[in-house]
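Each remark here refers to the structure printed beneath this line.
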Amino acid sequence: MITKKSAQMYCQTGSPSFPVVEATIQSAHNAMMAGNLTCSQLVSSYIQRISAYDRLTNAVREIVTDVMNTAASMDVMLAAYNANGTALPLLFCVPILIKDNFDATDGHLATANGAVALLDNFPSMDATEVAQAKAYGAIILAHGNMAEWAFTNAISIGSAYGVVRNPYSLDRSTAGSSGGPAAGASANYAMISMGTDTGNSIRGPSGHQGLVGLRSSIGQTSRAGIIPLQLNRDIGGPIGRTVTDVAKLFTALTDFSMFPQGYDPRDPVPPQLHPPLQLHPIPHCQWPSGAMIVQNFTIVGNSLGDAPWSGYIPITSTYSNGTVYNTSHFGFNNGSWYTGYGAAGKWEPTSQGACPNFREDLNTYLSTAGSNSKSLLQIYEGGLYHPSVTKSITGPLFTNNFSTSAVLQQNASIAAGYVCTCGEFYNNPCRAEMRARLISSMDAMNLDAFIYPGWGNPPRLIGDLSQAGNTPLGDFSQGLLPSTGAPGIVVPMGLHTTLGTPTTLQIGARPFNESTLIQIAYAYEQLTMHREPPQLFPECVNPVVATSTNTAGTGTATAG
């Protein structure tokens, strides 16, 4: 068994110039402006940790080959900023670990999406979110390992680079699918990470690794240049150790000033095409300077004081005060929509197997990608995938899919009796109805946010790959927020009382109300300070020189 003491042996390659364990953007910038840290020193400290410790976690697929050249060029910029007394850009020299489904041109690395089929996928253009982060001064440090094709919420495993292990308990999963970026941020392999979330994949891995993870409103950020799973639910966003760092990166990801249109024309569904959600976008992420509790923010059974939540809290339909909360009031329950009226209605699955979204979204991306793989069918026929995702690939290929035309797809699905259709979140009638009920219910109760546990069970054991699983799953993230397009954020709420793995609090809000989420999350974080780094990944140290006693009487000898 690896202990904290034995783990220290993995990184005896010298104490870093700047202690990076739990470092923040602000602490690094303070050191740079004081002349105590260069960009090259900061980047090399993270590379040192990846080289030493990632053999335990497998979180990083590949370090950007020319990242030190980029850092050296920023050293020159830093000297000029300091000489002129100029403030550093918001993300200046912030090393980011990006999920392996973001297109990035740095270092000529493939965007593999966890799959051997795409190890030849060299993009010619950055994903918009990557470009936005770099425009604010960030450095792309490395590509993070992930669940292949972003299929699973349970574990991050793929044919390209194997399984990612949880830094708090190496025999347990990180959840999926942004497992690498989350494990890397938690083990302090990077200042911050970027992941994607279709149903859970930012919030689940963030929760399992004791991190802050933000899934923004659909339409708030661009998906261009991100390999899709389901574009009508996909979101890219930040994963970090503090709310403030997440807010800073999110500021960059919501800045579309580089586009004359004010939005990204490469995004398949730009915000202007979302008529039901023409709400005011947030200003660029204003976070409070001190702890702030927003009106009506309460957690049933707990206060915002120091009293910790012990272990995992299951979601039940009846709370201690006798009030019954049932998601079927929103027209949603147990992964299904209720369509129709009274006894004449029926429950329909929220994820309809006959919908061709994944196949068509992926094929559209591959049609212009750098890979020789140009379709899901070609990948299947070549056998270029991990065995655990076989059913997830064959389902979209061989079910009775409706149509490749979006309009015909809608008409055909309705004719087939599937009222909810395969449409986008803004024209799917069930999703639109649920969103309207969510907003009206919050208005009626004068609520700014709603709170629930991110997961109901500890991370699944490595090797438990089945969908049913021998170790319970407990993912509460899939339904409400992705279905309505509303935003959510997870923050640490302590460690499991016996396993020592993180527990997580999830906060949701109205669409395009990320500013409220950030304020509430910051208040909770500052009042509780529940984030505890994994103990197996301490700061790197200088080599230990062992001493031994020479019994022949010649004193002490050293063994290097």
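Data table
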| item | result |
| --- | --- |
| Of residues in region 494-515 being under 24 Å from L481 (Cα atoms) and in contact with a Lys or Arg (Cβ under 8 Å, 6 or more places away or on another chain), the one surrounded by the fewest Cβ atoms within 10 Å (Cβ to Cβ) | P511 |
| Sole exception among (1) of a type in the set (A, V, I, L, M, F, W, C); (2) over 20 Å from P167 (Cβ atoms); (3) open to solvent by 30 Å² or more (accessible area, probe 1.4 Å) for M529, by number | (2) |
| Qualifying residue in region 458-481 (condition: open to solvent by 60 Å² or more (accessible area, probe 1.4 Å), closer than 18 Å to S515 by Cα, at pLDDT below 80 and not hydrophobic (A, V, I, L, M, F, W, C)) | no |
| Matching residues in region 148-164 - criterion: being buried (at least 24 other Cβ atoms within 10 Å of the Cβ) and farther than 21 Å from T394 by Cα | Y161, V164 |
| Flag if I96 is in contact with a Ser or Thr (Cβ under 7 Å, 6 or more places away or on another chain), assigned to a strand (DSSP E or B) and either under 18 Å from G225 (Cα atoms) or at pLDDT below 95 (or both) | yes |
| Hits in region 1-26 (condition: closer than 21 Å to T251 by Cβ and open to solvent by 40 Å² or more (accessible area, probe 1.4 Å)) | Q26 |
| Subset of region 358-373 [open to solvent by less than 20 Å² (accessible area, probe 1.4 Å), assigned to a helix (DSSP H, G or I) and in contact (Cβ under 8 Å) with a residue 12 or more places away in the chain] | F358, L362 |
| Hey, S51 assigned to a helix (DSSP H, G or I), touching a Cys at 6+ places or on another chain (Cβ under 9 Å) and surrounded by fewer than 20 Cβ atoms within 10 Å (Cβ to Cβ) or not | yes |
| All positions within region 27-37 that are more than 28 Å from the chain's Cα centre (by Cα) and either open to solvent by 40 Å² or more (accessible area, probe 1.4 Å) or of a type in the set (K, R) (or both) | M33, A34, G35, N36 |
| From G180, G210, residue being on the phi > 0 side of the Ramachandran plot, touching a residue at least 60 places away in the same chain (Cβ under 8 Å) and buried (at least 24 other Cβ atoms within 10 Å of the Cβ) | G210 |
| Given (1) of a type in the set (F, W, Y); (2) more than 22 Å from the chain's Cα centre (by Cα); (3) under 25 Å from G370 (Cα atoms), number of the condition Y10 does not satisfy | (3) |
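The values are calculated or read from the model by the stated rules, or taken from the named source; none is laboratory data. Every value quoted in this text rests on a predicted model; they were computed, and no experiment measured them. Every residue, glycine as well, gets a Cβ built from its backbone with ideal geometry; the counts of neighbours run over all protein chains shown. For the accessible areas, the whole protein counts, side chains as well, though only heavy atoms, and no ligand, DNA or RNA atoms are used. Shrake-Rupley method; radii C 1.70, N 1.55, O 1.52, S 1.80 Å.
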